[in-house]
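Here the structure comes first, spelled out in structure tokens, and everything after it is commentary.
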Amino acid sequence: MTIRTRFAPSPTGFIHLGNIRSALYPWAFARSQKGDFILRIEDTDLERSSQAAVDVILEGMAWLGLDHDEGPFYQMQRMDRYKQVLAEMQAQGLVYPCYMSVEELDALRERQMAAKEKPRYDGTWRPEPGKILPPVPEGGKPVLRFKNPQGGVVAWDDKVKGRIEIRNDELDDLVIARPDGTPTYNFCVVVDDIDMRITHVIRGDDHVNNTPRQINIFRALGKEPPVYAHLPTVLNEQGEKMSKRNGAKPVTQYRDEGYLPDAMVNYLARLGWSHGDDEIFSREQFLEWFDLDHLGRSAAQFDEAKLRWVNAQHLKAMADEALAPLVAEQLSKRGITADDRLPRICALFQDRCDTTVALANWAAAFYTDVNPSAEERAQHITEAVKPALAALASALAELASWDKAAISTALKAVLAAHGLKMPQLAMPVRVLVMGTAQTPSLDAVLELQSRELVIARLQKA
Ligand code: GLU
């Protein structure tokens, strides 16, 4: 059997980290099992769906490397298919028209609440042998209700939550088509999961209540339901359910803030799944290790500091040649065109950066003017050191070659001539050339700058 999983987002808001984790696991499961991963956009809520939200889904997945084998399928483009299945169900007596008006339903709910009963449809229009149905109201447009099985239980072995059993009598006869004939959510999901031959549904546990209803529709259509794994919620840093309303960022914002796709995959993977105590792993290791048996049962909490740390680990481990294009992209957003020095700049600074934005901040000093703060200038560019800075500018101008060794020799000669210790000269040079007193080894930094620019900046002392 080929494993087939899907991600079925509703484009009703900008997809955030909690949502995209529901894409990561089915993607990883499909990839790890040499199966297929299908992308389906559940866009039937016309009022709340937007193309902009679809774009964030597609861009976010492409950025994270969550590639799909089929799709994206859009539910709005499958309406004819849903209507065809509805007609078949109607022909088989699996659904029935219900003419209860909204007012009648409200009144029913109120009576049930007053009697401390669970509000539910009472089966008024459900046909039964020998039962006489109410007269069809004139001009009434019915909804179609699914004839949910009566008695017994609907049960499944959830890969996260274990065995779940729901009594059929607790389930209403679900409305599966509105008065205008449009199919409703749970029904479309089942038709899609059948047509797309989905073997494993891995999704957020906010859908757990839909699952018994969906399983009953599967069986009515003569199909066995897929395996289900319902993932616990992702909480934000305040311990609330992560949502756009309380500040969750769209996934693509992490790209813009300089996070690496592999680090995001690593971090998100750990947000609800584990492989022993492994914290830092590559995409390949993740796919080798991923399984449904080690999904966590409790809600995971997002922690931005941890994400930054994971990102820093990946950034440190990355080859500078691979890192440079990502930093170049950040630089180009600032109107800076990098050159072939960039991989070496990355190599020199990557250990002290946790994002590509931080790395671009350093790299920018090689391509644009720097503006040391007044405090840094006051603290380091003292009258006492100015003659040494001027001497260094001249010494650098006369070097036969521009490399680390030659620069180091010039620095040492100026120190000796002016009776200074290395930090006394190196700090002001850093402030003038890089805009800050804290940098990696000075000769290595200067080597990557052009000689003319270093001299020009030293002359601003
Ligand atoms: N469209 C649903 C959502 O975005 C997911 C449905 C499913 O995975 O079955 O929450």
task: For region 80-101, indicate whether the set of residues that are β-branched (Val, Ile, Thr) and modelled with pLDDT of 95 or more is non-empty.
output: yes
task: For region 193-204, name all the residues that are more than 23 Å from SER49 (Cβ to Cβ) and either modelled with pLDDT under 95 or surrounded by fewer than 17 Cβ atoms within 10 Å (Cβ to Cβ) (or both).
output: ARG197
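Do we find a residue being charged (D, E, K, R), exposed (fewer than 12 other Cβ atoms within 10 Å of the Cβ), assigned to a loop (DSSP other than H, G, I, E, B) and out of contact with any helix residue (DSSP H, G or I) (no Cβ under 7 Å at 6 or more places or on another chain) anywhere in region 381-395?
Initial filter on region 381-395 (charged (D, E, K, R)): 383, 386.
The next check asks that each one be exposed (fewer than 12 other Cβ atoms within 10 Å of the Cβ); those that pass are 383.
So of that shortlist, the ones also assigned to a loop (DSSP other than H, G, I, E, B) come out as 383.
With the extra rule that they be out of contact with any helix residue (DSSP H, G or I) (no Cβ under 7 Å at 6 or more places or on another chain), the set shrinks to 383.
Checked region 381-395: at least one residue is charged (D, E, K, R), exposed (fewer than 12 other Cβ atoms within 10 Å of the Cβ), assigned to a loop (DSSP other than H, G, I, E, B) and out of contact with any helix residue (DSSP H, G or I) (no Cβ under 7 Å at 6 or more places or on another chain).
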message: Testing SER50 on (1) surrounded by 19 or more Cβ atoms within 10 Å (Cβ to Cβ); (2) in contact with a Pro (Cβ under 8 Å, 6 or more places away or on another chain); (3) free of Cβ contacts under 8 Å to residues at least 60 places away in the same chain; (4) farther than 15 Å from ASP195 by Cα, one condition comes back false. Which one is that?
response: (1)
query: What residue, among those in region 193-224 that are in a helix (DSSP H, G or I) and within 11 Å of the ligand (Cβ to nearest atom), is farthest from the chain's Cα centre (by Cα)?
result: GLN214
- request: Identify all residues within region 34-53 that are within 15 Å of the ligand (Cβ to nearest atom) and touching a strand residue (DSSP E or B) at 6+ places or on another chain (Cβ under 6 Å); write none if there are none.
  value: PHE37, ILE38, LEU39, ARG40, ILE41, ASP43
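Out of GLN253, GLN214, GLN285, GLN238, report the one residue that is free of Cβ contacts under 8 Å to residues at least 40 places away in the same chain and touching a helix residue (DSSP H, G or I) at 6+ places or on another chain (Cβ under 6 Å).
On the way: GLN253 fails: touching a helix residue (DSSP H, G or I) at 6+ places or on another chain (Cβ under 6 Å); GLN285 fails: touching a helix residue (DSSP H, G or I) at 6+ places or on another chain (Cβ under 6 Å); GLN238 fails: touching a helix residue (DSSP H, G or I) at 6+ places or on another chain (Cβ under 6 Å).
Among GLN253, GLN214, GLN285, GLN238, only GLN214 is free of Cβ contacts under 8 Å to residues at least 40 places away in the same chain and touching a helix residue (DSSP H, G or I) at 6+ places or on another chain (Cβ under 6 Å).
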Every pair of residues 6+ apart whose Cβ atoms lie under 7 Å, when the first sits in region 53-79 and is at positive phi while the second is assigned to a strand (DSSP E or B): GLY71/ILE38; GLY71/LEU39; GLY71/ARG40
message: I want to confirm something. Restricting to region 174-192 and keeping residues that are surrounded by 17 or more Cβ atoms within 10 Å (Cβ to Cβ) and in a loop (DSSP other than H, G, I, E, B), which single residue is nearest to the ligand (Cβ to nearest atom)?
response: THR184
statement: Given (1) closer than 18 Å to TYR185 by Cα; (2) away from the ligand (no atom under 16 Å from the Cβ), MET1 misses just (1)
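May I ask you to say which residue of VAL95, VAL56, VAL102 is crowded, with 18+ Cβ neighbours inside 10 Å, more than 16 Å from the ligand (Cβ to nearest atom) and not charged (D, E, K, R)? So that I can check it myself, show each step before the final result.
Details: VAL56 fails: more than 16 Å from the ligand (Cβ to nearest atom); VAL102 fails: crowded, with 18+ Cβ neighbours inside 10 Å.
From the options VAL95, VAL56, VAL102, the qualifying one is VAL95.
The values are calculated or read from the model by the stated rules, or taken from the named source; none is laboratory data. Treat the numbers as computed from the prediction; the structure is a model and nothing was measured. All Cβ positions, glycine included, derive from the backbone under ideal geometry; neighbour counts span all protein chains shown.
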